[in-house]
1. Over region 15-158, what is the percentage of antiparallel beta bridges among all DSSP beta bridges, to the nearest 5?
2. How long are the semi-axes of the ellipsoid equivalent to region 116-157, from square roots of 5 times the Cα gyration tensor eigenvalues, in whole Å, largest first?
3. Expressed as a rounded percentage, what relative contact order does region 6-67 have, with Cα pairs under 8 Å and six or more residues apart?
4. What's the FRET efficiency of HIS23 with THR58 using the Cβ-Cβ distance as r and R₀ = 22 Å, to the nearest 0.05?
5. Over region 49-158, what is the mean sequence separation of C-alpha contacts under 8 Å (at least six apart), divided by residue count, expressed as relative contact order in percent?
6. Could you tell me what % of all Cα pairs in the chain have separations over 29 Å?
7. Compare VAL68, VAL43, VAL125 in a GNM of the chain, Cα atoms joined below 10 Å, and give the one with the largest fluctuation.
8. Might you report the magnitude of the Cβ-based charge dipole of the chain about its Cα centre, with Lys and Arg at +1 and Asp and Glu at -1, to the nearest 20 debye?
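The values are calculated or read from the model by the stated rules, or taken from the named source; none is laboratory data. Being a predicted model, the structure only gives us computed values, none of them experimental. Positions of Cβ are generated from backbone atoms using ideal geometry, with glycine treated the same way; all protein chains shown enter the neighbour counts. The protein model used for the area step is the full one, side chains on, heavy atoms only, and it has no ligands, DNA or RNA in it. Shrake-Rupley method; radii C 1.70, N 1.55, O 1.52, S 1.80 Å.
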Amino acid sequence: MTPLLYHDVDGILFGEYGPCKTHQLRPGIADWFHWVVARYQLVFLTSWPQADLFDLLTGLYLQEVIPVCRYLPWTSVGIPFKWDALQQDQSQHPSPYFWIDDDPTVFPTLNEQRRHYNRLPFLHVNPTGERQLEDLMQRLNARTAQLTQLVASSSLPH
C-alpha cells in the first residue's frame, strides 16, 4: 500500500523559529522529500501557484521530486476549500491517504474526520519550530502502520 500524501507548503516546509521567530525553511527539506517520495504518492494541496512551487523545488536542488508528484490546482478551478478539492481528487483517485497542513481549520469537522479511517489521515503540523519535519516523519510512520492495519482488516469504510 502506497497512500497518497496531500501536502501543504507554507507551514510544512517553512516554519517560524530562531531567535527572531523568522519565517524560514525548515532544516532537512531534502531528507524530507526523499523520505516522502519513497513512501507516499505526493500530491501538493496548496494555494501556491504550481510554477512557484516547482521553482522552489528546483532552487532547493529537488527537481527530481517534480516528475513524481502531482499538483492539485484547487484554487485555479474555482474549488472554494481544500477539503472539497481533496474529496474531488479522492473520487477520481480513490486511495488511502494522509493530509498534512498547518491550519487545522481547513480539515473537516471531527465527526466528518471519524468517517475517514477513524481520523488517521488528518495531521496538523505546528507552524512554529525548527524540527517539525522530524516529528512529522515519526507521526506519519505510526499512522501509516495503523492505516495499513485498518485497510488490511477492512474494518472501517473509507
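1. Working: 3 of 10 bridges.
Here the share of antiparallel DSSP bridges comes out near 30 percent.
2. On the way: eigenvalues 126, 23, 3 Å².
Semi-axes (√(5λ), whole Å): 25, 11, 4.
3. Values: 43 pairs, mean separation 21.6, N = 62.
RCO, region 6-67: 35 percent.
4. On the way: r = 21 Å, r/R0 = 0.94.
Rounded to the nearest 0.05, the efficiency is 0.60.
5. Working: 65 pairs, mean separation 22.2, N = 110.
Once divided by the residue count of region 49-158, the mean separation gives 20 percent.
6. Summing the P(r) tail past 29 Å for the chain gives 15 percent.
7. VAL68
8. Numbers: 11 positive and 16 negative charges, 113 e Å.
That gives the chain a dipole magnitude of about 540 debye.
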